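What follows is one structure encoded as structure tokens, with my remarks underneath.
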Amino acid sequence: MMNSMGRKLAIGETDNTSDQRTPRKRLRSIPNTVRESFVPVVPARAIHRQNEWDLTRIAPNRPRAEGSPIEVKGTLRNENGTLLRGALIEIWNANHHGRYRHVEDNSGLKIDENFLGMGRVITDECGSYCFRTISPGAYLARPDIGRWRPKHIHLSISCGTSRLVTQMYFPDEPNNASDPMAILMGDSFDRNLGQLFETKDVEIDQSYEFNIVVGGKNATFFE
Amino acid sequence: MPKKQQRNILLPTNEDTTGPYFPIYFSDESYEDLTQIHSGVVAGPKGQHIILRGRVLDRNGNLANGVLLEFWQANAKGIYRNPSFEDHPDLDPWFDGYGRLRSTTGEYSFRTILPGASPGRAPNITVTIFSDGINRIVTQIFFANQKANKTDPLLTTLDDEDRERLIARFDESSSDGTDFYTLDIVMAGDQETPFFEDFLS
């Protein structure tokens, strides 16, 4: 029966939202004749502002936000190895204290007046990207059981038929091991880790390489 | 050498949840209303204006707050703006077919045009849900009173109950000629909406 073919999505342990929102039935198969209709093409008319690659400041002439300034750079490809040029990468991360500047973040953690925590960049002709931000704070996601969300940066990638929402994590963080989504990734969690590398840039404390591969058939469907 | 082996197959970065705080700051009104190219421009695509609306519900029947919804559809003539239809004469210059909106409450309302039937299909809109607690999930929404629903090659893979869960009901026409369709999307539980495997298939 073709409906037995799809993945059964796993529920993140200790994640109440995951329990409430994860479909219980196996994903259904898509007949080949209609497969193409399941491939959205995001139009190439991304909005971004010039200074949005640098989240360490609200604007170039403003003071630097609290915490440790870092740089994240890498390449963007699909599974075939094709470089994704002109892709929109939307970035958001919590501030040094673990607070998002989002109207629905009611954590009460400290807002940093000099940190917006949202930015957008476009990959260049080599499929490369680079942005700066403040190293995000970890925050207590489940006070009742003492589970923290490890430091992470959210990334949303849109480029034609390539679409990915993911998170970059940091190596050697104690909270990585107990994160429900990291646990579901198993050994492949390593692919979601930024890798430290040497930098001589005095403006930043640490530089991370994070090479992104957009997986799945949609990303390569028309190649 | 087979074509497959010539390819440089890379291991994908894992998908992850959007978390609860996808920035509202990234919203773009022109993706939330596909009946106009921009609120300040007198230009829009051909087709019947519709509003597709409903609730996104969790396993307990509660609204799934903070979901990010993306829509993908053909134009009024059933043509998608994808590489297969490049330079097709029936492409509509005012219609790309991609929409995106974030719902604070879990209720959604998407203004667009009724998609035409692409060859062999019933009119439908592909919906992608990004949310806290899950990775991307995908389905297609159909429209009541379309004859082709009975023969659509996707709908006919489903049993009667599941098929009904993908067909938006027609509610009313407003005085300005907009047709309202409603469908609740149930992410999990007894009334679960059928979702489809588009990652591995």
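The values are calculated or read from the model by the stated rules, or taken from the named source; none is laboratory data. For clarity, every value in this text was computed on a predicted model and none was experimentally measured. A quick note on method: Cβ atoms are made from the backbone with ideal geometry, for glycine too, and the neighbour counts reach across all protein chains shown.
Checking each residue in the range B:30-43 for being farther than 19 Å from residue B:180 by Cα and in a loop (DSSP other than H, G, I, E, B) picks out B:37, B:38, B:39, B:40, B:41, B:42, B:43.
Here residue B:84 meets the list (1) surrounded by fewer than 17 Cβ atoms within 10 Å (Cβ to Cβ); (2) among the polar types (S, T, N, Q); (3) in a loop (DSSP other than H, G, I, E, B) almost entirely, failing just condition (3).
Exactly one residue out of A:99, A:149, A:120 is under 30 Å from residue A:38 (Cβ atoms) and within 18 Å of the chain's Cα centre (by Cα), and it is A:120. The residue that is farthest from residue A:160 (Cα to Cα), counting only those in the range B:61-72 that are in a strand (DSSP E or B), at the interface with chain A (Cβ under 9 Å from one of its Cβ atoms) and not β-branched (Val, Ile, Thr), is B:68. Annotation: of all residues in the range A:50-77 being within 11 Å of chain B (Cβ to nearest Cβ) and not hydrophobic (A, V, I, L, M, F, W, C), the one that is nearest to residue A:223 (Cα to Cα) is A:77. Residues in the range A:8-54 that are modelled with pLDDT under 95 and among the basic types (Lys, Arg): A:45, A:49. Does the range A:22-29 contain any residue that is under 23 Å from residue B:185 (Cα atoms), within 7 Å of another protein chain (Cβ to nearest Cβ), surrounded by 14 or more Cβ atoms within 10 Å (Cβ to Cβ) and touching a residue at least 60 places away in the same chain (Cβ under 8 Å)? There is no residue in the range A:22-29 that is under 23 Å from residue B:185 (Cα atoms), within 7 Å of another protein chain (Cβ to nearest Cβ), surrounded by 14 or more Cβ atoms within 10 Å (Cβ to Cβ) and touching a residue at least 60 places away in the same chain (Cβ under 8 Å).
Being buried (at least 16 other Cβ atoms within 10 Å of the Cβ) and either within 14 Å of chain B (Cβ to nearest Cβ) or β-branched (Val, Ile, Thr) (or both): is that true of residue A:165 here? Break it down into steps so the answer makes sense when it comes.
On the way: buried (at least 16 other Cβ atoms within 10 Å of the Cβ): yes; either within 14 Å of chain B (Cβ to nearest Cβ) or β-branched (Val, Ile, Thr) (or both): yes.
So residue A:165 passes the test.
Here is the figure for the range A:139-159: residues that are touching a Leu at 6+ places or on another chain (Cβ under 8 Å) and under 30 Å from residue A:42 (Cα atoms) total 5. Look at (1) more than 7 Å from every other protein chain (Cβ to nearest Cβ); (2) farther than 21 Å from residue A:160 by Cα and you find that residue A:86 fails only one, number (2). Hey, does the range A:116-129 have a residue that's touching a Pro at 6+ places or on another chain (Cβ under 6 Å), within 30 Å of residue A:219 (Cβ to Cβ) and surrounded by 15 or more Cβ atoms within 10 Å (Cβ to Cβ)? Among the residues of the range A:116-129, at least one is touching a Pro at 6+ places or on another chain (Cβ under 6 Å), within 30 Å of residue A:219 (Cβ to Cβ) and surrounded by 15 or more Cβ atoms within 10 Å (Cβ to Cβ), which makes the answer yes.
Residues in the range B:111-126 that are touching an Asp or Glu at 6+ places or on another chain (Cβ under 7 Å) and buried (at least 21 other Cβ atoms within 10 Å of the Cβ): B:121, B:122.
For residue B:99, are the conditions met, namely being small (Gly, Ala, Ser), crowded, with 16+ Cβ neighbours inside 10 Å and not in a loop (DSSP other than H, G, I, E, B)? In short, yes.
Within the range B:139-173, the residues that satisfy the criterion of being farther than 12 Å from residue B:52 by Cβ, within 19 Å of the chain's Cα centre (by Cα) and part of a loop (DSSP other than H, G, I, E, B) are B:145, B:146, B:152, B:153, B:154, B:158, B:165, B:166.
Scanning the range A:97-114 for residues that are within 13 Å of another protein chain (Cβ to nearest Cβ) and in a strand (DSSP E or B) turns up nothing.
Please determine whether any residue of the range B:45-60 is touching a Ser or Thr at 6+ places or on another chain (Cβ under 6 Å) and either within 10 Å of another protein chain (Cβ to nearest Cβ) or not in a strand (DSSP E or B) (or both). No.
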